[in-house]
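The values are calculated or read from the model by the stated rules, or taken from the named source; none is laboratory data. Since the structure is predicted, the reported quantities are computational estimates derived from the model, not experimental observations. Ideal geometry is used to build each Cβ from the backbone, glycine not excepted, and the neighbour counts take in all protein chains shown. The protein model used for the area step is the full one, side chains on, heavy atoms only, and it has no ligands, DNA or RNA in it. Shrake-Rupley method; radii C 1.70, N 1.55, O 1.52, S 1.80 Å.
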Amino acid sequence: MDTAKTMIGLLGLQGDYAAHGKMLEALGVESRVVKKPEQLAAIDGLIFPGGESTTLIKLMDSWDWWAPLKDFAAAKPLFGTCAGMILLAKGVSNPPQKSLALIDIDVERNGYGRQIDSFEETGSFDANGQTRELPMVFIRAPRISRVGEGVEVLAKCRGDVVMAKQANVLVASFHPELTDDLAVHRHFVEMVGQ
């Protein structure tokens, strides 16, 4: 894949989108911060970073993001981490809230506990027919409580599914951008290139 011609957007409403940009830079992939729906036309894939899902919902409401994101996901890859995963999931609990419902999973907000319960762990990552260890950082992370039939499980940690993919939507309950391991971002870049 010619990564020189790929442009990945970083949804810049809230959260640490800059850390995702550094991972892409390390892979030699160009990225740009996207703050308005009309900017989606200029990118090949979009990373939906962590942050605070209720705050993200308010910002998405006020800037009319819902329909443009659904249209984007119909044609191009999306990757959501932590709060980004919550907003892409079909079902959300603890408490229930609205979402884009772009991947057939249910998630429980703060499923691993509060900020004080945040942790780092090594999990397993399955990609391209190979399984490898992967460092994972969980910060007030959502827990995937149900995986639909058409959803591919890509990573597990402590017996839980922590990364999944359906069609061109990739989600992770952890923060791959807070480690030095580029495997998850490389996987998303490969999805964008397909």
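What are the residues in region 167-194 that are among the hydrophobic types (A, V, I, L, M, F, W, C) and in contact with a Pro (Cβ under 6 Å, 6 or more places away or on another chain), if any? Don't jump to the end; show me each part of the working.
As a first pass, look at region 167-194 and keep what is among the hydrophobic types (A, V, I, L, M, F, W, C): 167, 169-172, 174, 178, 182-184, 188-189, 191-192.
Selection gives V184, M191, V192.
Scanning region 104-157 for residues that are more than 24 Å from S53 (Cα to Cα) and not in a strand (DSSP E or B), which turns out modelled with the lowest pLDDT? The extreme case among them is N128.
So is S53 over 19 Å from Q166 (Cα atoms), of a type outside the set (A, V, I, L, M) and in contact with a helix residue (DSSP H, G or I) (Cβ under 6 Å, 6 or more places away or on another chain) or not? In short, yes. Identify, please: which residue in region 144-169 is over 16 Å from the mean Cα position of the chain (by Cα) and over 23 Å from G113 (Cβ atoms) and is, among those, least open to solvent (accessible area, probe 1.4 Å)? In this case the residue turns out to be G148. Exactly one residue among F174, F188 is assigned to a loop (DSSP other than H, G, I, E, B), in contact with a Phe, Trp or Tyr (Cβ under 7 Å, 6 or more places away or on another chain) and crowded, with 16+ Cβ neighbours inside 10 Å, and that residue is F174. Would you be able to say whether some residue in region 34-41 is more than 19 Å from A164 (Cα to Cα), assigned to a strand (DSSP E or B) and in contact (Cβ under 8 Å) with a residue 24 or more places away in the chain? The answer is yes, given that some residue of region 34-41 is more than 19 Å from A164 (Cα to Cα), assigned to a strand (DSSP E or B) and in contact (Cβ under 8 Å) with a residue 24 or more places away in the chain. For G84, the conditions (1) under 15 Å from the mean Cα position of the chain (by Cα); (2) under 15 Å from L46 (Cα atoms); (3) open to solvent by 10 Å² or more (accessible area, probe 1.4 Å) all hold with the exception of (3). Scanning region 94-103 for residues being assigned to a loop (DSSP other than H, G, I, E, B) and in contact with a helix residue (DSSP H, G or I) (Cβ under 6 Å, 6 or more places away or on another chain) gives a total of 3. For region 94-109, the tally of residues that are among the polar types (S, T, N, Q) and open to solvent by less than 50 Å² (accessible area, probe 1.4 Å) stands at 2. I need the full set of residues from region 147-194 which are free of Cβ contacts under 8 Å to residues at least 60 places away in the same chain and more than 25 Å from A75 (Cα to Cα), in order please. Within region 147-194, K156, C157, R158, G159, D160, V161, T179, D180, D181 qualify.
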